[in-house]
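A short worksheet on the structure shown next.
A short reminder: the numbers here are calculations on the coordinates, not readings from a lab. None of the values given here were measured: they were computed from a predicted structure. Quick reminder, even Gly has a Cβ in these numbers, built from the backbone with ideal geometry, and neighbours come from all protein chains shown.
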Amino acid sequence: MTITIDSYQADLEKDWLKCRLISFFETDYYDDVIIEKPHYDGKSVELVALDDNRVVGLLDAEMNEDEGVTYCDLHCIAVLPQFQGQGVGKLLFDKLMEETKKHGVKRIEVWTRENENANNWYLRQGFKQFMEYWHVWSESLPSDEVPELPASLRLKGAFWHYLGDNPETLNIKVYDKRRCRGYELLL
Ligand SMILES: CC(C)(COP(=O)(O)OP(=O)(O)OC[C@H]1O[C@@H](n2cnc3c(N)ncnc32)[C@H](O)[C@@H]1OP(=O)(O)O)[C@@H](O)C(=O)NCCC(=O)NCCS
């Protein structure tokens with residue numbers, strides 16, 4: 001296996017989307033499906049890991065400013081299951097670290113759901129958790145108090161960001177819930 005890390009090019013879009021979809025399929029992000037690659041207005045780092053011109057890994061990150069300090073949002077890192085655990089994620093991340101140095105980045109931020117694999121991987125790269133909340137899906141609104149809707153609309157469910165401790169105590173029919181954790185790496 002010879003992996004090369006390269007910049008993303010538009011002609012790789014279909015392959016990029018497939019890599020993201022398959023990499024997320026067995027994780028808590030299986031439902032986070034996109035059909036167009038995101039574009040970033042600001043300075044971004046968009047990398048692919050190629051095995052014989054096939055996209056087997058990807059990384060998207062964006063530089064942002066907060067009170068004059070440059071930080072980096074690591075939007076997405078994903079490696080095809082059969083290529084995981086072989087250092088591909090690390091190659092992508094090392095390249096990102098090179099780029100953050102060039103841009104004077106002081107902090108990298110990333111969010112992930114419950115997968116142990118991803119959570120542990122961030123911790124091994126030196127990230128520390130700084131926040132945790134829940135993604136909660138419900139069949140109803142509290143007490144079914146549906147705001148006034150056009151007659152043609154029926155509420156079939158709702159998605160919430162819940163900052164409390166126990167989604168089971170919510171007055172809504174929860175049908176799925178996943179913890180979402182924020183990690184930061186201070187540079
Ligand atoms: C999280 C994820 C991106 C990590 O990528 P990966 O390629 O599996 O990670 P790596 O192989 O670089 O690192 C995993 C371990 O493999 C081991 N490894 C095996 N062979 C290796 C090699 N040749 N070189 C380096 N590490 C190697 C190391 O022990 C490494 O552990 P370390 O972090 O202590 O160095 C990947 O598992 C993934 O895509 N998961 C699904 C999608 C996802 O959850 N993304 C994040 C959610 S936002």
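Report relative contact order for the chain in percent, whole number only (criteria: Cα-Cα under 8 Å, sequence separation at least 6).
Value for the chain: 20 percent.
Suppose every Lys and Arg Cβ carries +1 and every Asp and Glu Cβ carries -1, with no other charges. What dipole size does the range 29-187 come out with about its Cα centre, to the nearest 20 debye?
440 debye
If you average the sequence gap of Cα pairs under 8 Å that are 6 or more apart and divide by the length of the range 4-89, what percent do you get for the contact order?
Relative contact order here is 29 percent.
Only counting other Cβ atoms within 10 Å, I'd like D51, D31 sorted with the fewest neighbours first.
Least to most surrounded, the residues fall as D31, D51.
Please figure out what share of the DSSP beta bridges in the chain is antiparallel and state it in percent, rounded to the nearest 5.
95 percent
Expressed in nm to one decimal, what extension gain is obtained for the pair F130 and L186 from 0.36 nm per residue of sequence separation less their Cα-Cα distance?
Roughly 19.0 nm would be gained on extension.
Which entries in K102/K128; K43/K101; K18/K95; K43/K102; K37/K156 show an alpha-carbon gap greater than 20 Å?
Long pairs (Cα-Cα over 20 Å): K102/K128; K18/K95; K37/K156.
Using a Förster radius of 30 Å, what is the FRET efficiency between Y30 and T70 based on their Cβ-Cβ separation? Nearest 0.05, please.
For R0 = 30 Å, the calculated efficiency reads 0.35.
Which three lengths, in whole Å and largest first, does the chain cover when its Cα atoms are put on their principal axes?
55, 36, 31
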